[in-house]
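J.: Below is a structure I'd like to ask you about.
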Ligand code: SF4
């Protein structure tokens, strides 16, 4: 297939669904790790089309959603410093943290700017030499190479008022943490497409080997997801879990070596702090000591205060796959895209937002 509409072909979709129904004889619980897949599944009604044997859960693959309040509080504390411009992607601005949000700080006079790329943040730093520009870097292995490139570019161009607050996270370690917790028993994982374009499919090999859980990397179009589910069901029915790629046009087993080299030239692995999951060993990225002059956490003295969770919001449980948006008493009643109480409603990739927007059945 060559064109995007071909990945939405209804006739091929019907054939794939018929094959999945025919193949699926035993209960199988699948988790889509990535927020992009959560949206695709909800938008195209895939959950409702699958046979009852297949249960679909959403995982912690929305970078905005998994950013813990403690980390958001740091961004807010930075935005309150004089002569500091905080730059970040749009969704982050609206996420309520412990006591405020970046949007609120901006309303109170703080200089918080939405950018579309790290290049925009570098331009702001260049145009405001008397101020410090901090980029709030959230995202997985997909976005970290771009942020790494911005740090190198700042060095090459002598931009010494550009800083990064790294809240990047790594996917395979948190998958391991979820599987180790045993809280949710999974039979298969729909592995993220964009992350895998960078890291490849090999980092998931421990999952079938150590946990007996099937893994297939998926693209984001409806036929991509159905193809992925079909491959997962085949593995589960045959009792032969392994790592496969259903997104060959975007992902190679070895990943993108250029992006990985860039990422690990600037960042090193550290523990990551995930909303609802807590500290996960080796699941975060911090700037290497060679680049510490760009590290906002090292350069600025901030007192973000003790983190506080929003009462009634169950985003943490939803991100672990143990609850769904419909289990939240605030869903739709109090919490909606106009008045988001938690990040899963703020982010365009959040489960609550997808469930609200597309009325995704029982949210599972
Ligand atoms: Fe949090 Fe709102 Fe989702 Fe409830 S519906 S879990 S309050 S984001």
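J.: Just grab the label-to-label distance for residue 205 and residue 237, each label 7 Å out from Cα along the Cβ direction, in nm (one decimal).
T.: Spacing of the two 7 Å Cα→Cβ label points: 2.8 nm.
J.: Per residue, what volume in Å³ does the convex hull of the Cα atoms of the chain enclose?
T.: Values: hull volume 49.0 nm³, N = 364.
Spelled out: Cα convex hull of the chain, divided by residues, is 135 Å³.
J.: Continuing with this model, one more query. Taking the Cα centroid of segment 231-277 and of segment 116-172, what is the distance between the two, rounded to the nearest whole Å?
T.: The distance from the Cα centre of segment 231-277 to that of segment 116-172 comes to 24 Å.
J.: Specify, per residue and in Å³, the volume enclosed by the convex hull of the alpha carbon atoms belonging to segment 141-264.
T.: 119 Å³
J.: Follow-up. Report the percentage of all Cα-Cα pairs in segment 70-191 whose separation exceeds 22 Å, rounded to a whole percent.
T.: Everything past 22 Å amounts to 42 percent.
J.: Another question, then. Given the DSSP H assignment, sum -39500 (n - 2.57) over each helix run of at least 4 residues in the chain and divide by its residue total; what's the result at 222 nm in deg cm²/dmol, nearest 500? It would help to have the intermediate numbers written out before the result.
T.: On the way: 17 runs with 142 residues, N = 364.
So the helix-based figure for the chain works out to -10500 deg cm²/dmol.
J.: Shifting gears a bit: Mind checking the angle between helix 257-266 and the chain's longest principal axis? C-alpha axes, 0 to 90 degrees, to the nearest 10.
T.: Around 40 degrees separate the two axes.
J.: OK, next. Cα-Cα pairs above 15 Å in segment 186-236: how many percent?
T.: Values: 551 of 1275 pairs.
The proportion of pairs with Cα distances above 15 Å equals 43 percent.
J.: Still on this structure, please answer the following. Compute the distribution of all C-alpha to C-alpha distances in segment 1-144, in bins of 10 Å from 0, and list the percent of pairs in each, rounded to whole numbers.
T.: Per 10 Å bin, starting at 0, the Cα pair percentages come out as 10, 29, 23, 17, 15, 6, 1.
J.: Another question, then. If we restrict to alpha carbons, what Rg and Dmax does segment 215-364 come to, in Å?
T.: So, for segment 215-364, Rg and Dmax equal 19.7, 56 Å respectively.
J.: Whole Å is fine, so just give me how far the alpha carbon centre of segment 6-40 lies from that of segment 315-339.
T.: 24 Å
J.: How many percent of DSSP beta bridges within the chain run antiparallel, rounded to 5?
T.: So the antiparallel bridges amount to about 25 percent of the total.
J.: Considering segment 41-80, what Rg and Dmax in Å follow from its alpha-carbon atoms?
T.: For segment 41-80, the Cα-based Rg and Dmax read 17.2, 51 Å.
J.: Please give the direction-averaged projected area of the C-alpha convex hull for segment 201-265, in square nanometres with one decimal.
T.: On the way: hull surface 19.7 nm².
Computing the convex hull of the Cα atoms and averaging its projections yields 4.9 nm².
J.: In addition: Translational diffusion coefficient of segment 47-105 at 4 °C, 1.567 mPa s, Stokes-Einstein with Kirkwood Rh over Cα pairs, in µm²/s as a whole number.
T.: 95 µm²/s
J.: Calculate, for residue 119 and residue 317, the FRET efficiency according to 1/(1 + (r/R0)^6) with r their C-beta to C-beta distance and R0 35 Å; round to the nearest 0.05.
T.: Working from the Cβ atoms, E equals 0.40.
J.: For segment 208-364, what proportion of DSSP beta bridges, expressed in % and rounded to the nearest 5, is antiparallel?
T.: Antiparallel bridges: around 65 percent, rounded to the nearest 5.
J.: Taking 0.36 nm per residue of separation and subtracting the Cα-Cα distance, what length does fully extending residue 338 through residue 160 add?
T.: 60.3 nm
J.: Sticking with this structure for a sec: Taking a spot 7 Å from the Cα of residue 185 along the direction of its beta carbon, which residues of segment 194-217 have an amide N less than 16 Å from it?
T.: 211-214
J.: Using the beta-carbon distance between residue 11 and residue 254 and R0 = 41 Å, what value does 1/(1 + (r/R0)^6) give for FRET efficiency, to the nearest 0.05?
T.: Details: r = 35 Å, r/R0 = 0.84.
After rounding, the FRET efficiency stands at 0.75.
Values in this text are rule-based calculations from the coordinates and carry no lab data. Given the structure is predicted, the values throughout are model-derived calculations rather than measurements. Here Cβ is always computed from backbone atoms with ideal geometry, including for glycine, and neighbour counts include all displayed protein chains.
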